[in-house]
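Enquirer: Handing you a structure now.
The values are calculated or read from the model by the stated rules, or taken from the named source; none is laboratory data. These figures come from a predicted structure and were not determined experimentally. Glycine also receives a Cβ, built like all others from the backbone with ideal geometry; neighbour counts cover every protein chain displayed.
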Amino acid sequence: MAFGGFCSLSGKGGGFASSPGRYRFCDRNGSSTSGRPYSGDHSRFIDMSDTLPLVQAFLDYLVDERHFSPYTARCYGLDLRQYGEFLADEHGMEVSLEAEQAVLVARKADPGFTDDKTVSGVMLEADVDRIRGFLGWMADRDYSAATTARKIATLRSFHKWMEKRSLIERNPMLAIRTPKQAKRLPKAVSVEQIEQLLAAPDDSTLLGARDRAILETLYSTGIRVSEVVGIDRADLDDAGESILIRGKGRRERVVPLGTHALAALRRYVAMHDAELAAAELKAEGEMPLFVNKHGGRLSSRSVRRKVTKYLEEVGLDPEISPHTIRHSFATHLLDNGADLRSVQELLGHQSLSSTQVYTHLSNRRMRDAYDKAHPRAEAG
């Protein structure tokens, strides 16, 4: 079956023009899917070399207008790919991208135009029963509440976008409820464990100094791994002991650096500058702060690998991730009396509710300490 995958985004402002891809999407394991079909639970497969124009336009909108990262757009794309594949299987469709494009053109010209022979046409019917059928298909396969909720959120955004562009008259997602999920507290590790991790890299070497600087920066600032790899040389304010961070939605914030992180960064930068000088090169302002051995920007995946490597070296749980360090940063601040608003700003949370989850974790730790230490905390 020739069904559009999500290897390309094109156009500006949610148009329907087709062009070579600016973003390359990957499978659920992060591997490139170019030239390789995705094997789902259906009998039909998806050819990842193309994309449905309707979905392509939505993904462009997410990146170009909503300023979503390519990674986040990829996640939306994978969800919509699965929904589209479900519809194609249910209707026994052999998909032609030319026909899919023609449906969009016709629908733009005549909002009353319908077509049940294409996936886009079925999507544009915005039928709540078909969406419920998709949710039922997931339930039959024991999808978790969290996964189901994420896919529902994707469909909400997709249908809201179509409604705003007058591609559909009514939004069927208004009739769909999101399943309740058990609240999970973010995982944090102790200060002692963090110190073990930070001391793991051998900072007598350039790569070791880089890794130490990355780990110190992650814990000192609580920034996301995507934010740490996005730092340029010019973003580091040595005199002001701070870093300019570009977060989600291209929002910028300045975060302070602790003494240990600043020392690690200065050591790494000095060693990197010495290597550049030996090669008769000079660091530029837009040059990535953290580079790989080839001089290119370090990837998020590489940072995650480094964290896992050092965790294993010091005998800590390899399931700890850069995001666990972020959770620990917030929890340790609250444990030591930081106010919630300040932690919110440091984390780059747009909503205070996103930060409040850490107060529950901090309160639980406080209760555990109380139960262990107070002579009359427990009966018996």
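Enquirer: Have a look at Asp142, Asp89, Asp115 and point out the one that is in a loop (DSSP other than H, G, I, E, B), surrounded by 14 or more Cβ atoms within 10 Å (Cβ to Cβ) and of a type outside the set (Phe, Trp, Tyr).
Expert: Answer to the check: Asp115.
Enquirer: State whether one or more residues within the stretch 285-294 are surrounded by fewer than 16 Cβ atoms within 10 Å (Cβ to Cβ), of a type in the set (Asp, Glu) and under 29 Å from Pro70 (Cα atoms).
Expert: Checking the stretch 285-294: at least one residue is surrounded by fewer than 16 Cβ atoms within 10 Å (Cβ to Cβ), of a type in the set (Asp, Glu) and under 29 Å from Pro70 (Cα atoms).
Enquirer: Collect the residues in the stretch 317-327 that are out of contact with any helix residue (DSSP H, G or I) (no Cβ under 6 Å at 6 or more places or on another chain) and not charged (D, E, K, R), keeping them in residue-number order.
Expert: Matches in the stretch 317-327: Ser321, His323, Thr324, His327.
Enquirer: List pairs: first in the stretch 105-133 and at positive phi and in contact (Cβ under 8 Å) with a residue 24 or more places away in the chain, second part of a helix (DSSP H, G or I) and surrounded by 13 or more Cβ atoms within 10 Å (Cβ to Cβ), Cβ under 8 Å, 6+ apart or cross-chain?
Expert: Ala126/His159; Ala126/Met162; Ala126/Pro172
Enquirer: Would it be correct to say that Asp79 is at pLDDT 90 or above, not aliphatic (A, V, I, L, M) and not assigned by TED's automatic domain parsing to the domain that holds Gly230?
Expert: It is true that Asp79 is at pLDDT 90 or above, not aliphatic (A, V, I, L, M) and not assigned by TED's automatic domain parsing to the domain that holds Gly230.
Enquirer: Can you find even one residue in the stretch 191-204 that is of a type in the set (S, T, N, Q) and farther than 20 Å from Leu265 by Cβ?
Expert: yes
Enquirer: Now for a different question. Can you say whether Arg74 is assigned to a helix (DSSP H, G or I), of a type in the set (D, E, K, R) and in contact with a Phe, Trp or Tyr (Cβ under 8 Å, 6 or more places away or on another chain), as far as the supplied structure shows?
Expert: Taking the combined requirement at face value, the residue satisfies it.
Enquirer: What's the number of the condition Leu206 fails, among (1) in contact with a Pro (Cβ under 7 Å, 6 or more places away or on another chain); (2) over 14 Å from Gly258 (Cβ atoms); (3) at pLDDT 95 or above?
Expert: Every listed condition holds for Leu206 apart from (1).
Enquirer: Is at least one residue of the stretch 225-237 without any contact (Cβ under 8 Å) to a residue 24 or more places away in the chain and surrounded by fewer than 12 Cβ atoms within 10 Å (Cβ to Cβ)?
Expert: No: the stretch 225-237 contains no residue that is without any contact (Cβ under 8 Å) to a residue 24 or more places away in the chain and surrounded by fewer than 12 Cβ atoms within 10 Å (Cβ to Cβ).
Conditions (1) in a loop (DSSP other than H, G, I, E, B); (2) surrounded by fewer than 16 Cβ atoms within 10 Å (Cβ to Cβ); (3) assigned by TED's automatic domain parsing to the domain that holds Arg212, marked per residue:
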position: Arg305; (1), (2), (3): no, yes, yes
position: Gly315; (1), (2), (3): yes, yes, yes
position: Ile320; (1), (2), (3): yes, no, yes
position: Thr324; (1), (2), (3): no, no, yes
position: His332; (1), (2), (3): no, no, yes
position: Ser342; (1), (2), (3): no, yes, yes
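Enquirer: Test of understanding: among Val128, Val63, which residue is surrounded by fewer than 21 Cβ atoms within 10 Å (Cβ to Cβ), farther than 30 Å from Lys248 by Cβ and either in contact with a Leu (Cβ under 8 Å, 6 or more places away or on another chain) or not assigned by TED's automatic domain parsing to the domain that holds Arg301 (or both)?
Expert: When all the criteria are applied, what remains is Val128.
Enquirer: Name the pairs whose Cβ atoms lie under 6 Å apart, with the first residue in the stretch 68-93 and more than 18 Å from Asp129 (Cβ to Cβ), the second surrounded by fewer than 22 Cβ atoms within 10 Å (Cβ to Cβ) and among the polar types (S, T, N, Q), and 6 or more positions between them or separate chains?
Expert: Tyr76/Thr154; Asp79/Thr154
Enquirer: Moving on. Kindly indicate which of Ala264, Ala283 is within 24 Å of Leu346 (Cα to Cα) and of a type in the set (A, V, I, L, M).
Expert: Ala264
Enquirer: Which one of the conditions (1) in contact with a Phe, Trp or Tyr (Cβ under 8 Å, 6 or more places away or on another chain); (2) under 20 Å from Asp237 (Cβ atoms) does Ser328 fail to meet, given that it meets all the rest?
Expert: (2)
Enquirer: Output the residue which, of all residues in the stretch 261-284 that are of a type in the set (Asp, Glu) and not in a helix (DSSP H, G or I), is surrounded by the fewest Cβ atoms within 10 Å (Cβ to Cβ).
Expert: Out of the qualifying residues, it is Glu280.
Enquirer: With Glu280, Glu192, Glu284, Glu252 as the choices, which residue is at pLDDT 90 or above and of a type outside the set (Val, Ile, Thr)?
Expert: None of the others qualify; the one that does is Glu192.
Enquirer: If you don't mind, another one. Given (1) of a type in the set (Ser, Thr, Tyr); (2) surrounded by 14 or more Cβ atoms within 10 Å (Cβ to Cβ); (3) farther than 20 Å from Leu167 by Cβ; (4) touching a residue at least 24 places away in the same chain (Cβ under 8 Å), where does Thr51 come up short, assuming only one miss?
Expert: (3)
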